[in-house]
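Here's the structure we're looking at; comments come further down.
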Amino acid sequence: MSEISWIHLSDWHQRGASFDRNVVRDALVQDIRDRSSVSDELKTLDFAVFSGDLAFSGMPEEYETADREFVGPVLKACGLGYDRLFIVPGNHDVRRDLAAKLNVRLADFTTDILGIDFADLHKRNLYLGSLGPYVQYISKIKGTTRPANCAYGYGHVLHTATGVDVGFLCLNSAWMSSLNLDSAREVEDYGQLIVGEPQIEEALSGLEECDLIVGIMHHPFPWLALKDNIDDRRKVRARLMEVCDVILHGHEHEPATFLHQGTYGKCITIPAGATFTGRDARPQSNANGYNYCRVDLDGKRCKVHFRRFDGDRKWGPDLQTVKSDVAEVELEIPSLGEKPFHKRRPGYGMLTEKPVPAESEEPRFVGSSNAGSIGRIDGLVLKKAVGGVQASVFLHVFGSGIRRLVNNRHILAHAVSPSTPYTNVFTLCRGPVDFADKIAKPAWKFWLVPNNPAHGKSWRYEDREEIRLGWHHFLVRWNHEKPILEVLLDGNPIISEADYVPHWPKRIMADITVGCWPTGWSEHFIDTWVANVGELENPFDNTRVAPEVKRCKELRDPTGVR
C-alpha cells in the first residue's frame, strides 16, 4: 500500500492572550478530530508540516505559548508526536532586534561567499543568531531527535508504517528577513532573501533513497533575490524543482496548488493559507486556511483538501479557493521515479530514457548542437562492489572534437549536485590539467566526490598525439573489496588507484550521462562519436576485456557521417 497523508499548516503568528485566537484554535482542533468526514483516507496521518511563522516577533514567550495553546493540541488531534512534526522558520520567527545588529546586506553575498561563510560554524551561528529562541524551542520539543542544523537546512528520511520512505528537505528562507528597509524605514523583504545553494546541498546530504521528496520553506520563490551578484531565485527554484516532488510553503496566506512542468523540472507547489490572521471572514489573499494532502505513489496522484475558517466559529471546506462541492483538487505528480533521490521500485522509478545497451549500439554523434544526443546508462552499476563501465570513443586529431580544449569534455558523468559545490561525482573526461592555461597539457581525467565536496579527488593521464586518430576503448573498473580502481585505454591501465573508496559517491542518481556533464552545458559535450557504451560484466576478467577492445577497433570510420 503506497499511500501517505499529511496535514499542512502555516503562519500562526503567536502573540499574547487573545479570545478570538482561542476560538479559531478550538474550532481548528475539532475540525482536525473530525477529518474522517472530509475523507476516510485522512483518518490516519503520517506527519504534520508547519511551514513557518509560528511566532510573531521571535520571542521565547511566544514559542512557549504557541506550543501550549496551538502545536500541542493540534498534534494530539492529529494523533502524532513531535517526531512527526516538520517545521521551518519564517520571517516572524526572526528576532528583529537581534537581526538589526547583523551588519550585512544582500550586496555582500555571492554563491561562493555563502559557501565559504556557512562552512565556517562561527559565521553561520552569527548569521543565524536572530533565530536563537526558535532554535531553543525546537531543541525543547525535539530533544535528542533535534536536527543538528534546525536553524539551517537539513534533510530527514521518515519511514512510514505503510513502507513509504519520505525524504524531507527543510530549508531556512528567512535568515535575511528584516535586514532590508525601504525609504520609510519599513521592512521590505520581497526580492531580498537568500536560501543559498550551499544550504540546499548540505540538506540533501542527509537524504537517502526515498519514494517521495518533500521540500519545505516559508517563502515562495519570488521573494528570493535576483540581483547581479546573486541570482538565488533562479538557482534555488531550478535545484528544488530538480530534486523535489512536492514543495510546501507559507507566507503569502493564500491557499492554492500549482503544477510545474517545464524547463526547470517537474513538481507540485502547495502553499498554505494562514492558520490565524484574525477571526473575522478574510479576503482570499489573507484567508485563515490549512490543507490535507493524500499521495498515491502507485497512481502518481496527489489530492489536496482545502479547509477554511468561516469567520465565526467553524472550519469547513474552502469553496472560495476551489469552486466545487468538496473543496479538493487532484493532481498528477509527473516526477515520481525520476528524481535523484528516488528509490528504484517495481512499477515506477525506472529510467526516463532506455539505457544505452552495451551489446548492439551503432556509432552515434554526441554534440552540443543536439542536446538530445546525450546518452544514459543505468546508474545502479555504481552501487556494485565490483563493476565496470565501458565506452568506445572516436578520437580526432588534437584541436578537434573531444580533443579541442575548451573545458572538461565528459565521456561518462554522474553527479547528485552538478554545480558547485559538487557532490557524489563519478566522471571520466578529457580536459586541461591547468585551467589557468586551457591549451596546455591536456589529460584524460577521472574524478570522484562523495557527499562532502571537500573530500573529492581526481587522477589524470596526459593525452599524447601518439594516441592516434580513430576508435579507442575506455573502461573504468573497480573492486571495493581489494580495493582497486582502474581506467583502461585500449586494454591498458592508464590510471590505477587503491586509495579511492573514501571518495566514492554515497548517493546514486538514476543515470550516468554519456557524452556530456549532467547539466548539458555546451562546453562539456564530447563532440564526437561513441559506441558500445554500458556496463561490462566481470570487468577484471581480461578475457572479457580483450574482445571489447577488438570490437571497438573494428568499428567503421564515422568521419563525415552524423
- The condition of being among the hydrophobic types (A, V, I, L, M, F, W, C), crowded, with 18+ Cβ neighbours inside 10 Å, more than 25 Å from CYS302 (Cα to Cα) and touching a Gly at 6+ places or on another chain (Cβ under 7 Å) holds, among VAL94, VAL71, VAL88, only for VAL94
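Does at least one position in segment 522-536 carry a residue that is part of a loop (DSSP other than H, G, I, E, B), over 18 Å from HIS414 (Cα atoms) and within 32 Å of the chain's Cα centre (by Cα)? Break it down into steps so the answer makes sense when it comes.
So the first thing to find is which residues in segment 522-536 are part of a loop (DSSP other than H, G, I, E, B), and the list is 525-527, 536.
Filter again for over 18 Å from HIS414 (Cα atoms), leaving 527.
Of the ones still in play, those that are also within 32 Å of the chain's Cα centre (by Cα) are 527.
Yes, segment 522-536 contains a residue that is part of a loop (DSSP other than H, G, I, E, B), over 18 Å from HIS414 (Cα atoms) and within 32 Å of the chain's Cα centre (by Cα).
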- Task: Considering (1) over 15 Å from VAL381 (Cβ atoms); (2) in contact with a Gly (Cβ under 9 Å, 6 or more places away or on another chain), say which one ASP511 fails and leave the rest.
- Result: (1)
- Task: State all residues of segment 17-63 that are of a type in the set (Phe, Trp, Tyr) and farther than 24 Å from LYS140 by Cα; if no residue qualifies, say none.
- Result: PHE19
- Item | Among residues of segment 163-192, those that are surrounded by fewer than 24 Cβ atoms within 10 Å (Cβ to Cβ), under 19 Å from the mean Cα position of the chain (by Cα) and not in a loop (DSSP other than H, G, I, E, B), counted | 2
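With the requirement that a residue be closer than 29 Å to ASP211 by Cα and at pLDDT below 85, what does segment 157-190 give you? Explain how you work it out, then say what you get.
First pass over segment 157-190, keeping only residues closer than 29 Å to ASP211 by Cα: 157-174.
Hits for segment 157-190 are ALA161, THR162, GLY163.
Yes or no, residue by residue, for (1) closer than 27 Å to ASP232 by Cα; (2) surrounded by 16 or more Cβ atoms within 10 Å (Cβ to Cβ):
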site: SER400; (1), (2): no, no
site: ILE411; (1), (2): no, yes
site: VAL416; (1), (2): yes, yes
site: PRO421; (1), (2): yes, yes
site: THR427; (1), (2): no, yes
site: VAL449; (1), (2): yes, yes
site: HIS455; (1), (2): yes, no
- Quick one: is THR263 of a type in the set (S, T, N, Q) and under 22 Å from GLY52 (Cα atoms)? no
- All but one of (1) assigned to a strand (DSSP E or B); (2) in contact with a His (Cβ under 7 Å, 6 or more places away or on another chain); (3) surrounded by fewer than 19 Cβ atoms within 10 Å (Cβ to Cβ) hold for ILE512, so report the exception by its number. (3)
- Message: Out of everything in segment 262-312 that is within 26 Å of the chain's Cα centre (by Cα) and part of a loop (DSSP other than H, G, I, E, B), what residue ends up being surrounded by the fewest Cβ atoms within 10 Å (Cβ to Cβ)?
- Response: THR263
- So which residues in segment 192-237 are touching a residue at least 24 places away in the same chain (Cβ under 8 Å), within 17 Å of ILE268 (Cβ to Cβ) and not β-branched (Val, Ile, Thr), if there are any at all? CYS210, ASP211, LEU212, GLY215, MET217, PRO220, ARG237
- Message: What are the pairs with Cβ atoms under 6 angstrom where one residue, in segment 119-131, is under 14 Å from ALA148 (Cα atoms) and the other, located anywhere, is part of a helix (DSSP H, G or I) and at pLDDT below 80? Sequence gap at least six, or different chains.
- Response: ARG124/PHE118
- Residue in segment 122-156 that is surrounded by the most Cβ atoms within 10 Å (Cβ to Cβ), counting only those that are modelled with pLDDT of 90 or more and among the aliphatic types (A, V, I, L, M): LEU131
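For segment 1-29, enumerate the residues that are more than 36 Å from the chain's Cα centre (by Cα) and surrounded by fewer than 18 Cβ atoms within 10 Å (Cβ to Cβ). Lay out the reasoning, then the answer.
In the first step, residues of segment 1-29 are kept if they are more than 36 Å from the chain's Cα centre (by Cα); the result is 16-23, 26-27.
Answer for segment 1-29, where residues must be more than 36 Å from the chain's Cα centre (by Cα) and surrounded by fewer than 18 Cβ atoms within 10 Å (Cβ to Cβ): GLY16, ALA17, SER18, PHE19, ASP20, ASN22, VAL23, ASP26.
Hey, any hits in segment 231-238 for a residue that's assigned to a loop (DSSP other than H, G, I, E, B), assigned by TED's automatic domain parsing to the domain that holds ASP318 and either over 16 Å from the mean Cα position of the chain (by Cα) or at pLDDT 85 or above (or both)? Give the derivation first.
Start the filter on segment 231-238 by keeping residues that are assigned to a loop (DSSP other than H, G, I, E, B), which leaves 231.
Next, only the ones that are assigned by TED's automatic domain parsing to the domain that holds ASP318 stay: 231.
Now drop any that are not either over 16 Å from the mean Cα position of the chain (by Cα) or at pLDDT 85 or above (or both), which leaves 231.
Among the residues of segment 231-238, at least one is assigned to a loop (DSSP other than H, G, I, E, B), assigned by TED's automatic domain parsing to the domain that holds ASP318 and either over 16 Å from the mean Cα position of the chain (by Cα) or at pLDDT 85 or above (or both), which makes the answer yes.
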- Just wondering, is there one or more residues in segment 48-63 that are aromatic (Phe, Trp, Tyr), more than 28 Å from the chain's Cα centre (by Cα) and surrounded by 20 or more Cβ atoms within 10 Å (Cβ to Cβ)? yes
- Message: Is it the case, given these coordinates, that PRO558 is in a loop (DSSP other than H, G, I, E, B) and buried (at least 22 other Cβ atoms within 10 Å of the Cβ)?
- Response: no
- Query: If you go through segment 313-329 one residue at a time, how many are part of a loop (DSSP other than H, G, I, E, B) and either more than 12 Å from ASP31 (Cβ to Cβ) or out of contact with any Pro (no Cβ under 8 Å at 6 or more places or on another chain) (or both)?
  - Reply: 11
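The values are calculated or read from the model by the stated rules, or taken from the named source; none is laboratory data. Bear in mind that the values here come from a model prediction, so they are computed numbers and not experimental data. Don't worry about glycine lacking a Cβ; one is built from the backbone with ideal geometry, like all the others, and counts go over all protein chains shown.
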